[in-house]
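The structure appears below as structure tokens.
The values are calculated or read from the model by the stated rules, or taken from the named source; none is laboratory data. Just so you know, these numbers come straight off a predicted model, no measurement behind them. Note that each Cβ is placed from the backbone with ideal geometry, even for glycine, and that neighbours are counted across all protein chains shown.
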Amino acid sequence: MSYTKLFEPNKLGNLELKNRIVMTPMGCSLAEVTGEPGPRMIKYYADRARGGAGLIMTEITRIDDETGVGTPNQLSVTNTHVIGQLSRLVEAVHAYDTKLFVQLHHPGNQTPSRLIGGKQPVSASDVTCKVIGEKPRALTTEEVEGLVKKFVTGAVIAQKAGVDGVEIHAAHGYLVSQFLSPHTNKRTDKYGGSFEGRMRFVTEIIYGIKAYCGPKFPISVRINGDDFLEDGITMEDAIAQAKYLEALGITCLNVSCGTYDSGATIIEPNYFAEGWKKHLAANIKKAVNIPVIAVCNIKHPAVAEQLLEEGFADYVGIARGHLADAEWGNKAKAGKEVLIRKCLGCMECFRILNDGLPLGCTLNPVLGREFEWGDEKLVKNGAGRTVAVIGGGPAGMEAALTLAKRGFRTILFEAKEKLGGTVNLAAVPPHKGMLAEWVETMEAQLAEAGVEVRLGVRADAETVKATGAEAVFLAAGGKPIQPVLPGIERAVTAESVLAGISPVKGDVVVVGGGVTGLETAETLAPEHKVTVVEMLNKIGGNLYPSIVMHLAQEIMKNGGMIAKGKVLTEVAENGVKVKDAVSGEESFIPAETVVLAMGVRSNRPNLEELRAAYGDKLILVGDSAKPGQIYDALHCGHDRAFVYDAR
């Protein structure tokens, strides 16, 4: 497909952009402890510039070191010492004819005190963010005036480093948004009260930037099209704000929505439809004459093109799409959409950030590690030597792809007639269809890399040795755990249920409240009364909280139940016996079908004969090495193939 609008050269203010793709801001925590962009951050952004983005906006960038820290290892423009390294980031992005904006940010009440040295968070008023749970103090008038100067200083520092413009983050319930929204602004001084009073903080920031950086220095303002809070910013408020900001002479508007308190609307999990919030940008675009950037949970280039063609926005914000695949733009331009690893909406990137770690992605094992593990670092010494991979699940496919990139003749054996392993089953529950697309993408990437795929072959040592392989990667996945308990033979596995092999009748008990158990329960809930039994007092494992909450709600709204802290002791003919994990009290849950989703153990077929044949040239990857999630499998497959014989 040809994407005429998406790749149309254009002008944003006085800037010439090569296309209408904007990589909108996302926290990445890749800066140095000094707040400077070091080699890791520079490589991260440079890869997205090389990958085809027309405009890149940095992560939330700190303008205040006292109360304005948003993430660990955050980019900063609070001091002139960052100018040197920031200029190197600019150079790296400009090398690919991509423009760079710095997003100026202060979290206000949406940051915990632990990130700001134990100090009390600040805000427009003393309204607590329910997610953070720490009561802020209202900034004094003098402090607000001081923060205006800090925003302006940040813009000046960015301009000195050569950036092409700045964006003021006035959305998502952060500090500027806290002044704009009646939900958080209860002030009676000049920065509160009327509409003009609530707009004064951002107005003074804009005027200050224009005064010090010049009237033609591009300024974007990110605003909420809707707070999704009862007393927050509404669509009508957003339109009024947009018109007001346009009158101040800004360059463009970046339209998003939601706050921490409104849940998943800021960063959508997989159960949000692609393009679901396009009306927000469309309504604002109708009201103003300056360009509008829209973030709409876009995954596919065709959806981006349609939004532009239908006039919903002037630019499309591709945020997490650039995390999953740095080459999103180039692959779309080349008509190779199938090669794009498209964001799953699994929220793993944000779970990782919330744990204080640098950015990571389920489908992109290089994300956040481009400087150390990028393709440029591959030791391409394969020289046509043969390496075999047994198992075509996530770990096996990623290992095979990495080996092929290194120049090895790579043969991938898969016992079934389709690649993907248990990912094909994981794609069955509601809202998981993107996993099926990812399998198609991997098939295409393997074909392009020249990997020889042999389907329907259960490879053993003899099979592998016949290929002349010098090494073998065992990626045979895992086997469902089935504990030795009375009546366990009456139960079926979640895998057999999702595959349509085991029939499901009547009321159901799903044993295991991890991702597989919850998603299986969600799948069955519309037609069966489902009870999930979990031995821990927490469900969902490491799943992002908004996804766990959604799964639980879907199960319970259909009459299901979740029993935490219960240990399975017996599968009876008409139900299960469980005991309380703390008190030991026994109880009975009636059910006609019992489904086991208790995790997996490593599957290592022909291990001893493979080890005898290959010794230390047998490399275990994915669940065959250690059971985990797709994220773990891909990282393991990539890394062990990356370092194999890398002399």
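Could you tell me how many of the residues in region 124-145 are in contact with a Phe, Trp or Tyr (Cβ under 8 Å, 6 or more places away or on another chain) and of a type in the set (Gly, Ala, Ser)?
Number of matching residues: 1.
Give 203, 251 a once-over and let me know the one that is within 21 Å of residue 165 (Cβ to Cβ), modelled with pLDDT of 95 or more and touching a Ser or Thr at 6+ places or on another chain (Cβ under 8 Å).
Just one listed residue meets the conditions, 251.
Any residue in region 63-74 that's more than 14 Å from residue 354 (Cβ to Cβ) and assigned by TED's automatic domain parsing to the domain that holds residue 149: show its pairings with residues that are of a type in the set (Phe, Trp, Tyr) and crowded, with 23+ Cβ neighbours inside 10 Å at Cβ separation under 6 Å, as long as the two are six or more apart or on different chains.
Listed by first residue and then by second, the contacts come to 63/151.
Out of 316, 366, report the one residue that is in the same structural domain as residue 48 (by TED's automatic domain parsing) and in contact with a His (Cβ under 8 Å, 6 or more places away or on another chain).
366
Would you point out the residue of region 275-294, among those that are in a loop (DSSP other than H, G, I, E, B) and not polar (S, T, N, Q), that is surrounded by the most Cβ atoms within 10 Å (Cβ to Cβ)?
Taking the candidates together, the pick is 277.
What are the pairs, 6+ residues apart or on separate chains, where a residue within region 244-265 that is under 12 Å from residue 280 (Cα atoms) and assigned by TED's automatic domain parsing to the domain that holds residue 297 has its Cβ under 6 Å from a residue that is among the hydrophobic types (A, V, I, L, M, F, W, C) and modelled with pLDDT under 95?
So the pair list comes out as 258/266.
Whether any residue in region 194-201 is in contact (Cβ under 8 Å) with a residue 24 or more places away in the chain, assigned by TED's automatic domain parsing to the domain that holds residue 217, crowded, with 23+ Cβ neighbours inside 10 Å and not hydroxyl-bearing (Ser, Thr, Tyr) is what I want to check.
The answer is yes, given that some residue of region 194-201 is in contact (Cβ under 8 Å) with a residue 24 or more places away in the chain, assigned by TED's automatic domain parsing to the domain that holds residue 217, crowded, with 23+ Cβ neighbours inside 10 Å and not hydroxyl-bearing (Ser, Thr, Tyr).
Considering only residues that are polar (S, T, N, Q) and free of Cβ contacts under 8 Å to residues at least 60 places away in the same chain, which ones fall in region 16-47?
Correct list: 34 only.
Do we find that residue 272 is in a loop (DSSP other than H, G, I, E, B) and under 25 Å from residue 111 (Cα atoms) in this structure?
No: the conditions fail for residue 272.
Would you confirm whether or not region 395-402 contains a residue that is free of Cβ contacts under 8 Å to residues at least 24 places away in the same chain, out of contact with any strand residue (DSSP E or B) (no Cβ under 9 Å at 6 or more places or on another chain) and not aromatic (Phe, Trp, Tyr)?
No, every residue in region 395-402 fails to be free of Cβ contacts under 8 Å to residues at least 24 places away in the same chain, out of contact with any strand residue (DSSP E or B) (no Cβ under 9 Å at 6 or more places or on another chain) and not aromatic (Phe, Trp, Tyr).
Run residue 167 past the list (1) over 27 Å from residue 11 (Cα atoms); (2) in contact (Cβ under 8 Å) with a residue 12 or more places away in the chain; (3) not hydrophobic (A, V, I, L, M, F, W, C) and report the number of the one that doesn't hold.
(1) is the only condition that residue 167 fails.
Take the residues in region 449-460 that are in contact with a strand residue (DSSP E or B) (Cβ under 6 Å, 6 or more places away or on another chain) and in a loop (DSSP other than H, G, I, E, B); name whichever of them is surrounded by the most Cβ atoms within 10 Å (Cβ to Cβ).
Filtering first and then ranking leaves 459.
Pick out the one residue from 621, 576 that is at pLDDT 95 or above, crowded, with 19+ Cβ neighbours inside 10 Å and not assigned by TED's automatic domain parsing to the domain that holds residue 424.
It is 576.
If a residue counts only when it is among the polar types (S, T, N, Q) and buried (at least 20 other Cβ atoms within 10 Å of the Cβ), which strands (runs of 3 or more DSSP E) contained entirely in region 54-171 have at least 2 such residues?
Answer list for region 54-171: 55-62.
Restricting attention to region 299-313, report how many residues are small (Gly, Ala, Ser) and either in contact with a His (Cβ under 8 Å, 6 or more places away or on another chain) or crowded, with 24+ Cβ neighbours inside 10 Å (or both).
Looking only at that region, the number is 2.
Within region 344-370, track down each residue that is out of contact with any Leu (no Cβ under 7 Å at 6 or more places or on another chain) and in a loop (DSSP other than H, G, I, E, B).
Of everything in region 344-370, those that are out of contact with any Leu (no Cβ under 7 Å at 6 or more places or on another chain) and in a loop (DSSP other than H, G, I, E, B) turn out to be 345, 346, 347, 355, 356, 357, 366, 369.
Listed residues 463, 467, 441; which is among the polar types (S, T, N, Q), outside any loop (DSSP other than H, G, I, E, B) and over 21 Å from the mean Cα position of the chain (by Cα)?
The conditions single out 463.
Give the residue, chosen from 426, 399, that is out of contact with any Ser or Thr (no Cβ under 8 Å at 6 or more places or on another chain) and small (Gly, Ala, Ser).
399
Select from region 32-77 the residues that are closer than 21 Å to residue 165 by Cβ and touching a Pro at 6+ places or on another chain (Cβ under 7 Å) and list them in ascending order.
57, 58, 59, 60, 68, 70, 75
Given the residues 468, 478, which is the only one that is crowded, with 16+ Cβ neighbours inside 10 Å and of a type outside the set (A, V, I, L, M)?
Just a single option satisfies the conditions, and that option is 478.
Would you mention how many residues in region 48-61 are of a type outside the set (A, V, I, L, M, F, W, C), closer than 23 Å to residue 351 by Cα and touching a residue at least 60 places away in the same chain (Cβ under 8 Å)?
Within region 48-61, residues that are of a type outside the set (A, V, I, L, M, F, W, C), closer than 23 Å to residue 351 by Cα and touching a residue at least 60 places away in the same chain (Cβ under 8 Å) number 2.
Would you mind stating whether residue 334 is under 30 Å from residue 111 (Cβ atoms) and either within 14 Å of the chain's Cα centre (by Cα) or without any contact (Cβ under 8 Å) to a residue 60 or more places away in the chain (or both)?
Here the answer is no, as residue 334 does not meet what is asked.
Take the residues of region 325-343 that are assigned to a loop (DSSP other than H, G, I, E, B) and of a type in the set (D, E, K, R): which is surrounded by the fewest Cβ atoms within 10 Å (Cβ to Cβ)?
In this case the residue turns out to be 336.
Could you grab the pairs with beta carbons closer than 6 Å, sequence gap of 6+ or different chains, first residue in region 569-581 and in contact (Cβ under 8 Å) with a residue 40 or more places away in the chain, second one of a type in the set (Ser, Thr, Tyr)?
The qualifying pairs are 578/587.
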